[in-house]
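Heads up: the structure comes next, in structure tokens.
Please treat every number below as a calculation from the coordinates, not as lab data. Every value quoted in this text rests on a predicted model; they were computed, and no experiment measured them. Methodologically, a virtual Cβ is constructed for each residue, glycine included, from the backbone with ideal geometry; neighbour enumeration extends over all protein chains shown.
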Amino acid sequence: MTVFDRIIGQEHAVTEFTHAASDAKLAARGERGDAMTHAWLVTGPPGSGRSTIAVAFAAALVCAEGGCGHCQDCRNVEAGMHPDVEHIIPEGISYSIDDTRALIERAALRPIRSSWHVIIIEDVDRFRPDAASTLLKSLEEPPPQTVWLLCAPTVDDVFPTIRSRCRHVLLNTPGLGAIAEQLSSRYGIDPAMAAFAARVSQGHIGRARAIASDDMVRLRRKEILEIPSQVKQVSNCFELAAKIVANATADADSIVGPLDSGDEADIRMAYGEGSEGKGLKGVDRQIKSAIKDLEKRAKSRHRRVLSDQYNRVLLDLTALYRDVLVVQSGSDLQLINEDIRPAIENVAAQDGTTQTLMRIDALNEARDQLFANVNPLSVFESLLVTLRQPTLSTVVG
Ligand SMILES: [Zn+2]
């Protein structure tokens, strides 16, 4: 078993990162290791597993065995609490210059437990120009033990100056067949369920696995897909919007619970508290600051998970109206939601392609509003009112 085992359909990238991790061991001893470098840019479409493979590579770098997948280092990296691996996710719409400066200062610190200090940054496309040029300086002259793993949807999303300092690893969109095959062989999921999950998740690996293995996720999908047939009165729109927000919040709470004493104990162990030569005041201070940092990251993760839940509602509804459009236009393309074809045919029969396109526009607009931090309840209320009865003004405005 290795940390790369659960990466699906990215053989080329896995080979490159495996070689890099092995050369990193040579480089750490001052020997020549050309497959390793200090700055990486991982690009791939949503759901292709950008951050999963970046986390796996980080584990391979800090694990003494090159990413065995079961030692304490590998497990701490996976759990997001290894002292030498920092995983940065944007909290707002963009990365600020102050946050970036603070990050670069932290990045320059020597690693605590291993040979490398790894910084994973998601959504590098969200750096503002001033923050990007601050980051650029550190990429140009990286501290000797620091490794930057930058993730973005495509290279075009990243400032050329940053791009040119990084070694680029391109991920593929994994095929539906590859996803279904992995769900069956690795997680023992029934082949029919695996094929269904791969199709309705549209190639998004994490989503496919959740649909295939979690009853609650399937129930939520079903509830979302029922929305178009439930928005009969305007009052239904308000009730359903409140339900969407309440469910998303409850799901985010259950995915990212508050920190418990177990997390704190893991941190103390990660810093080697109690082992020989430790237990000094400096270490204690580091532990306290690491716990504070972990709490901050848990809050940020909660925001992120909640925003993923809202996006999920929008993506499922968009897929549904795409199917409605397929039916209305008389195309023989396969439906994403083939399992609910009669319901889709029902919605399709209610009006025409113009209204369907207006609804899809409203879904895109709702996504932009959520991204701009508009209150989710008002976004969903206004969305559902439009889905119930689209009017031309929502498109023009
Ligand atoms: Zn390991």
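Points worth noting:
- When +1 charges are put on Lys and Arg Cβ atoms and -1 charges on Asp and Glu Cβ atoms, the dipole computed for segment 176-245 relative to its Cα centre reaches about 120 debye.
- Pairs from Lys243/Lys296; Lys137/Lys288; Lys222/Lys288 whose Cα-Cα separation, in the structure shown, is over 32 Å: Lys222/Lys288
- Segments 224-232, 337-345 sorted - mean Cβ within 10 Å per residue, highest first: 224-232, 337-345
- Karplus-derived 3J(HN,Hα), 6.51/-1.76/1.60, for each residue of segment 310-327, Hz, glycine and proline x: 5, 4, 4, 4, 5, 5, 5, 5, 5, 4, 5, 6, 4, 5, 4, 5, 4, 5
- Anisotropy class of segment 175-269 from Cα gyration tensor, a/c 1.5 cut: oblate
- Potential lengthening between Ser94 and Met1 on full extension [0.36 nm per residue; Cα-Cα distance subtracted]: 29.8 nm
- Gain upon complete extension [Asn311, Lys296; 0.36 nm per residue less C-alpha separation]: 3.1 nm
- A straight chain from Glu141 to Arg32 at 0.36 nm per residue would run longer than the Cα-Cα distance by 37.4 nm.
- Cα-centre dipole for the chain with unit charges at Cβ (Lys and Arg positive, Asp and Glu negative), debye to 20: 500 debye
- Ordering Asn375, Val234, Val62 by the projection of their Cα atoms onto the charge dipole of the chain, which places +1 on the Cβ of Lys and Arg and -1 on the Cβ of Asp and Glu, puts Val62 at the extreme positive end.
- Simple spin-label estimate for Glu338 and Arg303 in nanometres, 7 Å along Cα-Cβ: 4.1 nm
- Estimated FRET transfer efficiency when R0 is 41 angstrom, pair Arg268-Glu11 (beta carbons, to 0.05): 0.60
- Working from label points 7 Å from Cα in the Cα-to-Cβ sense, the Glu65 to Leu219 distance is 3.9 nm.
- The Cα center of segment 313-350 and the Cα center of segment 80-148 differ in position by 43 Å.
- Here r is the Cβ-Cβ distance between Arg167 and Thr353 and R0 is 56 Å; the resulting FRET efficiency, rounded to 0.05, is 0.75.
- Highest-first arrangement of 209-217, 46-54, where packing means the average Cβ count within 10 Å: 46-54, 209-217
- Net charge dipole size for segment 1-69 [Lys, Arg +1 and Asp, Glu -1 on Cβ; Debye, nearest 20]: 160 debye
- Annotation: amide H-H contacts under 5 Å for Leu150 (H modelled 1.01 Å from N, sequence separation of 5 or more, or interchain): Trp40, Leu41, Val42, Ile121.
- Residue by residue, segment 39-55 carries 3J(HN,Hα) couplings of 9, 10, 10, 9, 10, x, x, x, x, 6, x, 3, 6, 4, 6, 5, 5 Hz when phi is fed to the Karplus relation 6.51 cos²θ - 1.76 cosθ + 1.60 (θ = phi - 60°); x denotes Gly or Pro.
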